[in-house]
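Student: My questions will all concern the structure given below.
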Amino acid sequence: MELNRETILQYLHERQFEIGFFDSDAELISKEIGDGNLNFVYRVYDAARPTYSVVVKQAPPYIKILGPDYPLPSDRLTYESRSLEIYNQFASQAVPTQHYFDSNAAVIVMEDLRGYRLLRDDLIAGIVDKTVLEQIGCFMGRVHSQTYTDNVDSATADKYRENFANSVMQSITADYVFTFPFMEHETNFYTDGLELDVKRLKTDDVFLQHARNLRSIFVTEQHGLTHGDLHTGSVMVKGDSAKVIDSEFAFYGPVGFDIGLFWANYLLSYFSHTENTDVQSKIKSAIIQTWETYTEEFKMDPSLKVRTLHAILRESVGFAGMEMLRRIIGAAHVRDIESIQEKKRKLGIEIDILKFGIYLVKERKNITTVYELVESL
Ligand SMILES: Nc1ncnc2c1ncn2[C@@H]1O[C@H](COP(=O)(O)OP(=O)(O)OP(=O)(O)O)[C@@H](O)[C@H]1O
Ligand SMILES: [Mg+2]
C-alpha cells in the first residue's frame with residue numbers, strides 16, 4: 001500500500017488509537033517534506049494546532065527517485081525501526097521518538113523535528129557547533145559500547161546479529177563505497193581535470209589492496225550496532241540539540257564505520273572552506289572533540305578498552321578515507337563540494353581531498369591518535 005498526501009490521512013485516522021498522538025476528531029493536513037532519494041517522508045499536522053505534528057516515513061519496494069523499475073526491499077524500514085528502538089534505549093536524547101511502526105506497509109510514524117536543520121547545511125554555512133559534536137560522540141559511544149560484542153553475552157550478540165542482518169543495504173554500501181568508485185562503473189562521475197588522478201588511483205595496486213581489506217572488514221566484522229549512513233545529512237540540529245535520523249542501513253558491524261563516515265563529512269567540509277582558517281580550525285577541534293566524547297562514553301572493562309579503542313580508531317581512519325574518495329569520484333557526491341561555483345577552485349579542492357583520502361587509507365595503521373589524524377591536515 002503506497003501512501004500519498006490524501007491516503008496518508010485515512011491511514012493515520014484508522015490507526016489513531018495505536019499511534020496515540022492526534023485527537024480522534026482532529027482534522028489532519030499532510031505535506032511531503034522528503035528530499036531524500038530512497039523513501040517518502042511526510043509531515044502531518046493538526047489543522048487546529050499546526051505545531052502539533054508527526055513525520056511519516058514510508059519505504060516503497062523500490063528506489064523512490066528512480067521508480068518501480070529499480071527494486072529495493074522495503075524491509076529497510078524494519079531495520080530503521082529496530083535501530084530507533086535501540087537508540088531510544090541507550091541514547092534517547094539523540095534520536096526522534098518512534099510513535100508507531102507498521103512492517104507490512106513499511107511505515108514509521110515518528111517525532112517531527114520541527115525547526116531542526118540538516119547539520120550539513122550548518123557546515124556549508126561555516127557554523128561548527130561544539131555541542132553537536134559532543135552529542136554525536138556521546139550517541140556513538142553509548143550505542144556502540146552498549147551493543148559491543150565484548151560487553152554483551154553471546155545470546156544477546158546473536159540476537160543483534162539476527163535482528164540487524166541488513167544484508168541488502170550493507171552490500172549496496174560495500175559496492176558504492178569500497179568497489180565501484182575504483183573501477184570503470186556507469187555510476188561514477190567526477191570533475192573534468194581529475195582524469196589523471198583517477199587513473200592513477202585505479203591502477204595503484206597498494207591502494208586497491210587496502211580498499212579490498214577495508215571492504216572485507218566492513219562486510220565481515222560484527223562488533224556493534226552500526227548506523228551505516230552517519231554522514232552530516234543524517235543529523236538534524238537545533239540550538240544545542242542534535243538528532244540522528246535515517247538509520248535504514250543499520251547493521252551489526254564494524255562500529256568505526258560510523259565514526260569514519262562522520263569524520264569524512266567534516267573533513268570534506270574542512271577542505272571546502274579553504275579560505276576560512278577559522279572554520280577549518282574549528283573543524284579540526286570538532287574531530288578531536290568527537291573522539292574525546294566517544295572514548296569517555298565508551299563503557300568497557302579497562303583491561304579491554306584501550307586495545308578496543310585503538311582498533312576502532314584505525315578502522316575509522318581507513319573508512320573516513322574511503323568515504324572521502326567516493327564522494328569525489330563515485331556515484332553520490334556532497335553539496336559541500338558540489339556547491340563550489342568556481343571550477344578551478346573546486347578542482348584544486350577535489351585534488352587535495354583525493355590526496356588526503358588516499359593518505360588516510362594507506363597510513364591508517366600508523367595513525368594511532370586523533371591528534372595525529374588532525375595534524376596531518
Ligand atoms: N523526524 C523528522 N523530523 C523532521 N524532518 C525529518 C524527519 N525525518 C526526516 N526528515 C526530513 O526528511 C528528509 C528525508 O529523510 P530521510 O533522510 O530519513 O529520508 P531518505 O529517503 O531515507 O533519505 P536518503 O535518500 O538520503 O536515504 C530529511 O533530510 C529531513 O529533511
Ligand atoms: Mg535514507
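Bear in mind these aren't lab numbers, they're just calculated from the coordinates by the rules spelled out. Owing to the predicted nature of the structure, the values given are computational and were not obtained by experimental measurement. Methodologically, a virtual Cβ is constructed for each residue, glycine included, from the backbone with ideal geometry; neighbour enumeration extends over all protein chains shown.
Student: With charges set only on the Cβ (+1 for Lys and Arg, -1 for Asp and Glu), what does the dipole of the stretch 159-304 come to about its Cα centre, in debye to the nearest 20? Could the numbers behind the result be given before it?
Tutor: Details: 12 positive and 21 negative charges, 48 e Å.
The calculation lands at about 240 debye.
Student: If you fit an axis through the alpha-carbon atoms of helix 256-272 and take the longest principal axis of the Cα set of the chain, what angle between them do you get, 0 to 90°, nearest 10?
Tutor: For helix 256-272, the angle is close to 70 degrees.
Student: Would you be so kind as to identify which of Val279, Asn366, Tyr11 lies farthest towards the positive end of the dipole of the chain, taking Lys and Arg as +1 and Asp and Glu as -1 on Cβ and the Cα centre as origin?
Tutor: Asn366
Student: Magnitude of the Cβ-charge dipole of the chain, K/R +1 and D/E -1, about the Cα centre, nearest 20 debye? Don't skip to the end; give the middle numbers.
Tutor: Values: 40 positive and 55 negative charges, 176 e Å.
Computed about the Cα centre, the dipole is about 840 debye.
Student: With no solvent and one point on each alpha carbon, what is the Debye value of log10 I(q)/I(0) for the chain at q = 0.13 Å⁻¹?
Tutor: Treating every Cα as an identical point scatterer, log10 I(q)/I(0) equals -1.09.
Student: Still on this structure, please answer the following. Which entries in Lys238/Lys284; Lys243/Lys282; Lys31/Lys57; Lys284/Lys365; Lys202/Lys355; Lys130/Lys243 show an alpha-carbon gap greater than 18 Å? Intermediate results must be reported in sequence, preceding the final value.
Tutor: On the way: Lys238/Lys284 22 Å; Lys243/Lys282 21 Å; Lys31/Lys57 12 Å; Lys284/Lys365 20 Å; Lys202/Lys355 14 Å; Lys130/Lys243 14 Å.
Result: Lys238/Lys284; Lys243/Lys282; Lys284/Lys365 exceed 18 Å.
Student: Excluding Met324 itself, calculate the net charge of residues whose Cβ lies under 14 Å from the Cβ of Met324, where each Lys or Arg counts +1 and each Asp or Glu counts -1.
Tutor: Working: positive: Arg326, Arg327, Lys355, Lys362, Arg364; negative: Asp197, Glu323, Asp336, Glu350, Asp352, Glu363.
With Lys, Arg at +1 and Asp, Glu at -1, the net is -1.
Student: Further question on the same structure: Calculated from DSSP H runs of 4 or more alone, at -39500 (n - 2.57) each and per residue, what is the 222 nm mean residue ellipticity of the chain, nearest 500?
Tutor: So the calculated ellipticity at 222 nm is -15500 deg cm²/dmol.
Student: Going by the alpha-carbon gyration tensor, a ≥ b ≥ c the square roots of its eigenvalues, is the stretch 227-377 rounded (a/c under 1.5) or, if a/c is not under 1.5, prolate (a/b greater than b/c) versus oblate?
Tutor: Values: a/c = 1.63, a/b = 1.43, b/c = 1.15.
The shape class here is prolate.
Student: Which of Ile351, Ile108, Ala211 sits closest to the plus end of the dipole of the chain, meaning its Cα is farthest towards the positive end, when Lys and Arg get +1 and Asp and Glu get -1 on the C-beta?
Tutor: Comparing the listed Cα positions along the dipole, Ile351 ranks first.
Student: Once you have a ≥ b ≥ c as the square roots of the Cα gyration tensor eigenvalues for the stretch 7-111, tell me rounded if a/c is under 1.5, and otherwise prolate or oblate according to whether a/b is larger than b/c.
Tutor: On the way: a/c = 1.82, a/b = 1.24, b/c = 1.47.
Here the stretch 7-111 falls in the oblate category.
Student: Let me ask another. How big is the dipole moment of the stretch 7-111 about its Cα centre under a simple scheme where the beta carbon of each Lys and Arg is +1, that of each Asp and Glu is -1, and everything else is neutral? Debye, nearest 20, please. Numbers along the way, then the final one.
Tutor: On the way: 8 positive and 14 negative charges, 53 e Å.
Computed about the Cα centre, the dipole is about 260 debye.
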